[in-house]
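Colleague: So that we are looking at the same thing, I have put the structure below in structure tokens.
Bear in mind these aren't lab numbers, they're just calculated from the coordinates by the rules spelled out. Everything numeric in this text was worked out from a predicted model, so none of it was measured. FYI the Cβ positions are ideal-geometry reconstructions off the backbone, even for glycines, and counts take in every protein chain you see.
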Amino acid sequence: MERVGWIGTGVMGASMCGHLVSAGHRATVFTRTAAKADALVARGAKRVDSPRAVAESSDVVFVMVGFPADVREVVLGERGALAGAVPGTLLVDMTTSEPELAREIEREAIARGVGALDAPVSGGDVGAREARLSIMVGGLREHFERAQPLFERMGRTIVHQGPAGAGQQAKLVNQVLVASGMVGICEALLFASRAGLDPETVLASVAGGAAGSWALSNLGPRILRRDFAPGFLVEHFVKDLAIAVAEARRMELDLPGLALAERLYRELLAQGHARSGTQALVLALAKLSGIEA
């Protein structure tokens, strides 16, 4: 059975690594905030003090951190995973990051005899806990096939999208959809409230029709309860949207819906909601109308 390493045990990473531990894999973990790995260590995972040490003890190393700069540090840095990986190791970055960085990592990995995949996910904290994530994978087919049994412990929809960077591109497609959808959900619930309707009753009507979506059914009720706890952090979503905007510009695409969503989420960030969930967008939209969400 493959020895697994895990770098980054935050909102989603801890659950994802936990599924591999439950399946019987020996796990080595690193996280900048040690307490975030306590539950995994209590279940038998070994905690080490650097990404390099994770790779030295692992056959397959997973990365789930916050920003492209973090990926670069924990993978390509002096004490990064590639520095400790021996030929035959497989490195899987599950962070939503930049397609070009994924391609750079693959080039550096191949030069060392190491495999690399970019495999960002969708499904949020609930999908991570319940092992029903959608996993979008870029990289060589042989590396995808090696990782697939491990992916199946974490997700339900696992698709090889193409060469290095393709997984990241597919995730950006996902984020464009999510961003525009969340604007619509928040606007619709504010409309219902201002119209004097019972938003919960309205939600019961529309969620099962053509307007229904995962986000409406799962995040709509959170908005009505004013539950802005993160399934996915605003600061990470703003990072994703910035990458999507940059990629669209590079491809000479004009995507006004994406641009609007990014602007609104940056306003939410400026209001101090970096660590809130993406459903907190309703607060930024409510402020535009001078009302309380």
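Colleague: Checking the structure you have, find out if any residue of region 62-71 is in contact with a Pro (Cβ under 6 Å, 6 or more places away or on another chain) and buried (at least 24 other Cβ atoms within 10 Å of the Cβ). If you could, list the steps in order and put the result at the bottom.
Modeller: The first filter runs over region 62-71 and keeps only residues in contact with a Pro (Cβ under 6 Å, 6 or more places away or on another chain), leaving none.
Among the residues of region 62-71, not one is in contact with a Pro (Cβ under 6 Å, 6 or more places away or on another chain) and buried (at least 24 other Cβ atoms within 10 Å of the Cβ), which makes the answer no.
Table: residues versus (1) closer than 17 Å to G18 by Cβ; (2) part of a strand (DSSP E or B); (3) in contact with a strand residue (DSSP E or B) (Cβ under 6 Å, 6 or more places away or on another chain).
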position: I135; (1), (2), (3): yes, yes, yes
position: P149; (1), (2), (3): yes, no, no
position: T157; (1), (2), (3): no, yes, yes
position: H160; (1), (2), (3): no, yes, yes
position: A164; (1), (2), (3): no, no, yes
position: A170; (1), (2), (3): no, no, yes
position: V176; (1), (2), (3): no, no, no
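Colleague: Could I ask something else about it? Could you check region 262-293 and list, in sequence order, the residues that are over 23 Å from G123 (Cα atoms) and either among the small types (G, A, S) or not in a helix (DSSP H, G or I) (or both)?
Modeller: A270, Q271, G272, A284, A286, S289, G290, I291, E292, A293
Colleague: From the residues in region 12-62 that are among the β-branched types (V, I, T) and in a helix (DSSP H, G or I), which one is farthest from A229 (Cα to Cα)?
Modeller: V54
Colleague: With the requirement that a residue be touching a strand residue (DSSP E or B) at 6+ places or on another chain (Cβ under 6 Å) and either within 22 Å of V234 (Cβ to Cβ) or surrounded by 17 or more Cβ atoms within 10 Å (Cβ to Cβ) (or both), what does region 16-45 give you?
Modeller: Within region 16-45, C17, L20, V21, H25, A27, T28, V29, F30, A37, L40, A45 qualify.
Colleague: Does L269 fit the bill of being within 22 Å of the chain's Cα centre (by Cα), within 14 Å of V176 (Cα to Cα) and in contact (Cβ under 8 Å) with a residue 12 or more places away in the chain? Write out each step before concluding.
Modeller: Details: within 22 Å of the chain's Cα centre (by Cα): yes; within 14 Å of V176 (Cα to Cα): no; in contact (Cβ under 8 Å) with a residue 12 or more places away in the chain: yes.
So L269 does not fit the description; no.
Colleague: Here's another thing I want to ask about it. Checking P99 against (1) touching a Pro at 6+ places or on another chain (Cβ under 9 Å); (2) touching a residue at least 40 places away in the same chain (Cβ under 8 Å); (3) of a type outside the set (S, T, Y), which single condition isn't satisfied?
Modeller: (1)
Colleague: How about region 149-200: which of its residues are more than 24 Å from E104 (Cβ to Cβ), within 21 Å of the chain's Cα centre (by Cα) and polar (S, T, N, Q)?
Modeller: T157, S180
Colleague: Only one of (1) in contact with a helix residue (DSSP H, G or I) (Cβ under 9 Å, 6 or more places away or on another chain); (2) within 21 Å of K46 (Cβ to Cβ); (3) touching a residue at least 40 places away in the same chain (Cβ under 8 Å) is not met by D59, so which one is it?
Modeller: Against the list (1) in contact with a helix residue (DSSP H, G or I) (Cβ under 9 Å, 6 or more places away or on another chain); (2) within 21 Å of K46 (Cβ to Cβ); (3) touching a residue at least 40 places away in the same chain (Cβ under 8 Å), D59 comes up short only on (1).
Colleague: Moving on to the next point. Looking at (1) surrounded by 19 or more Cβ atoms within 10 Å (Cβ to Cβ); (2) among the aromatic types (F, W, Y); (3) free of Cβ contacts under 8 Å to residues at least 60 places away in the same chain, which is the one condition that is false for F232?
Modeller: (3)
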